[in-house]
Amino acid sequence: MNLKELGIYVTRLREKSGYDSQRQLADASGVSHSTINRLESGTHKTSSENLRTLAKYLKGITPNELLERAGYIEMEEIAGNDTKNRVKSAVLEKYSQLPQHKKKIIDDLIEALTNEGN
C-alpha cells in the first residue's frame, strides 16, 4: 500500500470511527493534527508509534494490522507462518481490548474447562 492509499484508508477508518475531523481524532488520541493531516493526505510516512496510537482510536483495525498496511511489518514477523500462531495472536489482541468484566468471564470459562477433568 503506497502513502496515498494508506492516507485514504486512514481517512475512511477515522470517519467510520465517528471522528468528523482530523482535529477530533488528534484531540482524542494525542497525535498531533499536523501528523494526522500529513498521514491522510499521503505526503509523509508517520512513525510506527503514531500508527499504534491511532489504531487504538480507530474501529475495525488492530495496531499490528495498521503497521502491516503501512509497510512497517509483515504479519509473519508477528505470528510466523503457522496458522495456529496467527489465530492465537489475533485472539490475544482482541482479548487485550476487552473491558475487565468480559475478561473475567473468559478467564472463568477457561478455568472451568481446564478443571473439568480434575
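Every number in this text was worked out from the coordinates using simple rules, so none of it is lab data. These numbers were taken from a predicted model, which means no experiment stands behind them. FYI the Cβ positions are ideal-geometry reconstructions off the backbone, even for glycines, and counts take in every protein chain you see.
Compared with the dominant principal axis of the Cα atoms in the chain, helix 3-16 is inclined by about 60°.
State, as an integer percentage, the relative contact order of the chain based on alpha-carbon contacts under 8 Å between residues 6 or more apart. Write out the running numbers ahead of the final one.
Values: 99 pairs, mean separation 24.7, N = 118.
Worked out over the chain, it gives 21 percent.
Relative contact order of the range 1-66: 36 percent, from C-alpha pairs under 8 Å at least 6 residues apart in sequence.
Between the entries (i) -0.74; (ii) -0.67; (iii) -0.55, the label attached to log10 I(q)/I(0) by the Debye sum over Cα atoms at q = 0.14 Å⁻¹ calculated for this structure is (ii).
Largest mean-square fluctuation among Thr11, Thr53, Thr62, in a Gaussian network model of the chain whose springs join Cα atoms under 10 Å apart, belongs to Thr53. Here the chain is assigned +1 on the Cβ of each Lys and Arg and -1 on the Cβ of each Asp and Glu. Its dipole about the Cα centre then comes out at about 400 debye. Relative to the longest principal Cα axis of the chain, at what angle does helix 83-96 sit, 0 to 90 degrees, rounded to 10? So the helix axis and the longest Cα principal axis differ by about 80 degrees. Taking a straight Cα-Cα cut-off under 30 Å and skipping sequence neighbours fewer than 8 places away in the same chain, the lysines within cross-link reach of Lys104 are Lys16, Lys56, Lys59, Lys84, Lys88, Lys94.
So how do Val87, Val10, Val31 line up by other beta-carbon neighbours within 10 Å, fewest first? Before the final figure, lay out each step's value.
Values: Val87 11, Val10 25, Val31 21.
Starting with the residue having the fewest Cβ neighbours, the order is Val87, Val31, Val10.
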